[in-house]
1. Give me the residue from the range 1-35 that is buried (at least 24 other Cβ atoms within 10 Å of the Cβ) and touching a His at 6+ places or on another chain (Cβ under 6 Å) and, out of that set, nearest to Leu56 (Cα to Cα).
2. Among the residues of the range 55-76, write down those that are among the β-branched types (Val, Ile, Thr) and crowded, with 20+ Cβ neighbours inside 10 Å.
3. Outside any loop (DSSP other than H, G, I, E, B), farther than 14 Å from Gly17 by Cβ and either touching a Gly at 6+ places or on another chain (Cβ under 8 Å) or not hydrophobic (A, V, I, L, M, F, W, C) (or both): which single residue out of Arg108, Arg149 fits that description?
4. Taking the range 81-105 as the search range and keeping residues that are part of a helix (DSSP H, G or I) and touching a Phe, Trp or Tyr at 6+ places or on another chain (Cβ under 9 Å), which one is surrounded by the fewest Cβ atoms within 10 Å (Cβ to Cβ)?
5. Tell me, yes or no, whether the range 43-54 has at least one residue that is of a type in the set (S, T, N, Q), in contact (Cβ under 8 Å) with a residue 12 or more places away in the chain and crowded, with 21+ Cβ neighbours inside 10 Å.
6. Report yes if some residue within the range 96-104 is at pLDDT 95 or above, over 14 Å from Val31 (Cα atoms), basic (Lys, Arg) and under 16 Å from the mean Cα position of the chain (by Cα); otherwise report no.
7. Restricting to the range 44-80, count the residues that are farther than 12 Å from Leu18 by Cβ, of a type in the set (A, V, I, L, M, F, W, C), out of contact with any Asp or Glu (no Cβ under 9 Å at 6 or more places or on another chain) and part of a loop (DSSP other than H, G, I, E, B).
8. Just to be sure, is Arg108 modelled with pLDDT of 95 or more and either out of contact with any His (no Cβ under 6 Å at 6 or more places or on another chain) or within 27 Å of Pro44 (Cα to Cα) (or both)?
Amino acid sequence: MVVWGESAGGHLAALLGLTATRNAPGAVAGVVDWYGPSDLIAMPSRDDPNSREAQLLGAAASQVPDLAREASPVSHVHGAAPPFHLAHGTADDAVPAQQSRLLGDALRAVDRSVECELVPEAGHLWHGPVDGERIFTRALEFAQRVTAR
């Protein structure tokens, strides 16, 4: 099974892929995460009590750092994590591209397979001058590779 999500769905797909495989390696064959938050403490909105992250946590991330860490995929990276395909627009003003870089770096630090594609000038939800078909095709090819094993 490959789990796939965009934005908040990417955040949830990453959490599922990382937590489901901690005690059951292979439970998830791969994760496709398009522009999902990965470290809620590192989000620019960490102090905003009205942010989307605060809606999830019940308070601004900076006010509940332990809960924010628990809800952050980067906190759950482990050596049996499934392969990840991350894609993020460099002009995303809702979830900075640094969020995908952070998750990619954490996965590489434990020698896990990760593809991290930063799409120049693309905003959140792939707004801007992007080749959506190419982005989608790369994610599908990743899903086919990891499920063919």
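The values are calculated or read from the model by the stated rules, or taken from the named source; none is laboratory data. Predicted model only: the values in this text are computed from it and were never measured. Note: ideal-geometry Cβ built from the backbone for every residue, glycine included; neighbour counts use all protein chains shown.
1. Tyr35
2. Taking the range 55-76 first, the residues among the β-branched types (Val, Ile, Thr) are 64, 74.
Once the filter is applied, which keeps residues that are among the β-branched types (Val, Ile, Thr) and crowded, with 20+ Cβ neighbours inside 10 Å, the range 55-76 yields only Val74.
3. Working: Arg149 fails: outside any loop (DSSP other than H, G, I, E, B).
Within the list Arg108, Arg149, the selection yields Arg108.
4. Of the range 81-105, the ones part of a helix (DSSP H, G or I) are 98-105.
Keeping just the survivors that are touching a Phe, Trp or Tyr at 6+ places or on another chain (Cβ under 9 Å) gives 99-100, 103-104.
Values: Gln99: 26, Ser100: 28, Leu103: 29, Gly104: 22.
This residue is Gly104.
5. At the first step, the residues of the range 43-54 found to be of a type in the set (S, T, N, Q) are 45, 50-51.
Subsequent filtering for residues that are in contact (Cβ under 8 Å) with a residue 12 or more places away in the chain retains 45.
In the following step, the residues that additionally are crowded, with 21+ Cβ neighbours inside 10 Å were identified as none.
Looking through the range 43-54, none of the residues is of a type in the set (S, T, N, Q), in contact (Cβ under 8 Å) with a residue 12 or more places away in the chain and crowded, with 21+ Cβ neighbours inside 10 Å.
6. So in the range 96-104, the residues at pLDDT 95 or above come out as 96-104.
Now restrict to residues that are over 14 Å from Val31 (Cα atoms): 96-99, 101-102.
Still in the list and also basic (Lys, Arg): 101.
When the remaining residues are screened for being under 16 Å from the mean Cα position of the chain (by Cα), the result is 101.
Within the range 96-104 (the criterion being at pLDDT 95 or above, over 14 Å from Val31 (Cα atoms), basic (Lys, Arg) and under 16 Å from the mean Cα position of the chain (by Cα)), the answer is yes, since at least one residue qualifies.
7. 2
8. Values: modelled with pLDDT of 95 or more: yes; either out of contact with any His (no Cβ under 6 Å at 6 or more places or on another chain) or within 27 Å of Pro44 (Cα to Cα) (or both): yes.
Yes; evaluated as a whole, the condition is true for this residue.
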